[in-house]
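Written out below as structure tokens is the structure these notes cover.
The values are calculated or read from the model by the stated rules, or taken from the named source; none is laboratory data. Quantities reported herein were computed from a predicted structural model and do not represent experimental measurements. Neighbour counts are summed over all protein chains in view; Cβ atoms, including those assigned to glycine, are modelled from backbone coordinates with ideal geometry.
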Amino acid sequence: MTRIKCIKNAAGIGYAYVAGKEYTVPGAMAKELLELGFAIPLDNQSELPADFPGYRVLKENGFNTLDELKGIASVDQLVEIKGIGTKLAAQIVERLQS
């Protein structure tokens, strides 16, 4: 079993998982949801540092750990989050890679 947090509603792929909610799901299902970008892992999390780019916006959108962000560490996915533009998304990706 794997703990995940959905970042997009997964109804379109046949699952009744809702964005923003946390679930414990079987490993194979978790792997599929993670690979398709519908969820982020919740195990082994490290707290989001206060000096992280976009800290306030990320916290307002429910991101509390670095692990949650690593699940969506592309500029294209980050700009879908309310309040994050291309420049901030690039700064987030750069920081995650350092």
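Quick rundown of the values:
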{"quantity": "In the stretch 42-78, the residues that are assigned to a loop (DSSP other than H, G, I, E, B), more than 24 Å from ALA30 (Cα to Cα), without any contact (Cβ under 8 Å) to a residue 40 or more places away in the chain and of a type outside the set (Gly, Ala, Ser)", "calculated": "PRO49, ASP51"}
{"quantity": "Matching residues in the stretch 1-41 - criterion: being in a loop (DSSP other than H, G, I, E, B) and touching a residue at least 40 places away in the same chain (Cβ under 8 Å)", "calculated": "ILE7, GLY20, GLY37"}
{"quantity": "The listed residue being in contact with a helix residue (DSSP H, G or I) (Cβ under 9 Å, 6 or more places away or on another chain), at positive phi and outside the structural domain of SER98 (by TED's automatic domain parsing), out of GLY37, GLY20, GLY14", "calculated": "GLY37"}
